[in-house]
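Notes to accompany the following structure.
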Amino acid sequence: MKVVLQRVSRAAVSVDGEIIGAIGKGFLLLLGVSDTDTEQAADRMVDKICKLRIFEDENGKTNLSLADVGGALLVVSQFTLYADCKKGNRPSFIKAGGPKLAEELYEYVIVRCRERVQTVEHGSFGAHMKIDLENDGPFTLVLDSGELF
């Protein structure tokens, strides 16, 4: 499982010009799933995301978690995180998880996030989406379950 996490002041996702999810301060998560991912990997990823201390405290140090600042999550599926660009100029996506597994784990991550974070919004799996965000920092992290655990 791969996640591109962006600390945001605000973020929104829309489909066909209609906003379907929006948050204020928090994290925008672009989530990719591979065929080897499991619910256990998803649980560990959610735990890591929720515990990350990347918001500034009163001294300007990145020492506060999402819960500490009352932050929200916007979760968007993004299979292109598993693009392989080694050969040629057209990416291959054979490392991305199949649609059935990817959607199941995407929905699972949303449920698990809602158990820990008060506000969790999300995109529409498989839809063509547009994302509008204000990156705070900018502060962007790339998390890979294969490297974290």
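Read-outs throughout are calculated quantities, based only on the coordinates presented, and are distinct from any laboratory measurement. Not measured: the values here are computed from a predicted model. All Cβ positions, even for glycine, are placed from backbone atoms using ideal geometry, and neighbour counts span all protein chains on display.
What to note about this one:
- Share antiparallel - DSSP beta bridges, the chain, percent rounded to 5: 75
- Alpha-carbon centroid distance for the pair the stretch 15-69 / the stretch 108-145, whole angstrom: 6
- Using C-alpha pairs below 8 Å separated by at least 6 residues, the relative contact order for the stretch 2-148 is 38 percent.
- Three-way shape label, the stretch 98-149, alpha-carbon gyration tensor, a/c 1.5: rounded
- Within the chain, helix-based [θ] at 222 nm, where runs of 4 or more DSSP H residues each add -39,500 (n - 2.57), nearest 500: -6500 deg cm²/dmol
- Positive-end extreme of charge dipole, the chain - chosen from V75, L148, S65 (charges on Cβ): L148
- A viscosity of 0.692 mPa s and a temperature of 37 °C, combined with the Kirkwood radius over C-alpha pairs in the Stokes-Einstein formula, give the stretch 34-127 a diffusion coefficient of 219 µm²/s.
- DSSP-loop GluC sites (Glu not before Pro) across the stretch 77-149, with at most 15 other Cβ within 10 angstrom: E115
- Per-residue HN-Hα couplings for the stretch 68-81 [Karplus 6.51, -1.76, 1.60; θ = phi - 60°; Hz; x = Gly/Pro]: 4, 9, x, x, 10, 10, 10, 10, 10, 6, 8, 5, 5, 5
- Links that overshoot a 22 Å alpha carbon limit, given the list K2/K48; K25/K51; K86/K130; K87/K130; K25/K48; K48/K87: K86/K130; K87/K130; K48/K87
- Residue exposure sequence - L66, L143 - by fewest surrounding Cβ within 10 Å: L143, L66
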